[in-house]
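Below is one structure; the comments refer to it alone.
The values are calculated or read from the model by the stated rules, or taken from the named source; none is laboratory data. For clarity, every value in this text was computed on a predicted model and none was experimentally measured. We place every Cβ from the backbone using ideal geometry, glycine too, and count neighbours over all the protein chains shown. Keep in mind that these areas ignore ligands, DNA and RNA; they rest on the heavy atoms of the full protein, side chains included. Shrake-Rupley method; radii C 1.70, N 1.55, O 1.52, S 1.80 Å.
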Amino acid sequence: MKQKEIELLELLEENARINIESIAKMIDVSVEETKKMIEKLENDNAILGYSTIINWSKVLESEEVTAMIDVKVTPARGVGFDKVAERIYRFPEVKAVYLMSGAYDLSVSVEGKTMMEISRFVSEKLSTLDTVISTTTHFVLKKYKHDGVIFDDGEDDKRIMVTP
C-alpha cells in the first residue's frame, strides 16, 4: 500500500467527516486523485464503512445493554475457528467477534434492549450451538472510552470530600 493511501486512511480514521478537499491538501495530492484513492480503498475493502460514535446516555432515557461474552468452542476440522465465528457473527444481536488468546477462544460483543434479552440470546441461541463448550457473560456498566473517543461530559465531581 502506498504511503499516501496510509495517510488518507489515518485521516479518515480520525475524522470520517473530513471533506475531500481538505484530505487532498493534507496529503498533497489532487482532489481527483484523492477521490480515486478513496474509491479504490472502498472497492478493496480497506475502507469498510463510515461510522458515528454516539453517547446514547445523553440522548435516551434508557440505552441499550452491552455485554461481552467469553466463549470457549471446539474448532471445526480444516477451518479452525473461522466457521464457528462466522456462525456467531451472523446473529443480529452480535456487534463484534474476536479470536482471543487465553482461557477463552472468542470474545463476542452483544447489544440488546435489556439484560434479559441478552440472557435469552446466550441461553437460546449462542450456548445451543454444537461447537460452543462454555460461555461467560460480562455486562458493561459504564462506557469510559470507545474507539478512541472518551465519554467524559467534563463535569466536575459533585461529591463532598469526606476526611477523618
>> Let me spell it out: the conditions are (1) touching a Phe, Trp or Tyr at 6+ places or on another chain (Cβ under 7 Å); (2) under 30 Å from residue 12 (Cβ atoms), and residue 112 meets all of them except one. Which number is the exception?
In response: (2)
> For segment 104-114, which residues satisfy the criterion of being at pLDDT below 95 and assigned to a loop (DSSP other than H, G, I, E, B)?
Replying inline: 113, 114
> Between a first residue in segment 1-26 that is within 16 Å of residue 39 (Cβ to Cβ) and a second residue that is among the acidic types (Asp, Glu), which pairs have beta carbons less than 9 Å apart while being 6 or more apart in sequence or on different chains?
Replying inline: 4/28; 4/33; 23/7; 24/32; 24/33
> Residues 90, 77: which one is under 24 Å from residue 147 (Cβ atoms) and out of contact with any Gly (no Cβ under 9 Å at 6 or more places or on another chain)?
Replying inline: 90
> Looking at segment 118-143, which of its residues are open to solvent by 70 Å² or more (accessible area, probe 1.4 Å) and either under 23 Å from residue 58 (Cα atoms) or assigned to a strand (DSSP E or B) (or both)?
Replying inline: 133, 138, 141, 142, 143
>> Can you tell me how many residues within segment 3-52 are farther than 24 Å from residue 146 by Cα, hydrophobic (A, V, I, L, M, F, W, C) and assigned to a loop (DSSP other than H, G, I, E, B)?
In response: 1
> Checking residue 38 against (1) open to solvent by less than 40 Å² (accessible area, probe 1.4 Å); (2) touching a Lys or Arg at 6+ places or on another chain (Cβ under 8 Å); (3) among the hydrophobic types (A, V, I, L, M, F, W, C), which single condition isn't satisfied?
Replying inline: (2)
> Restricting attention to segment 66-88, does a residue exist that is open to solvent by 40 Å² or more (accessible area, probe 1.4 Å), among the small types (Gly, Ala, Ser) and outside any loop (DSSP other than H, G, I, E, B)?
Replying inline: no
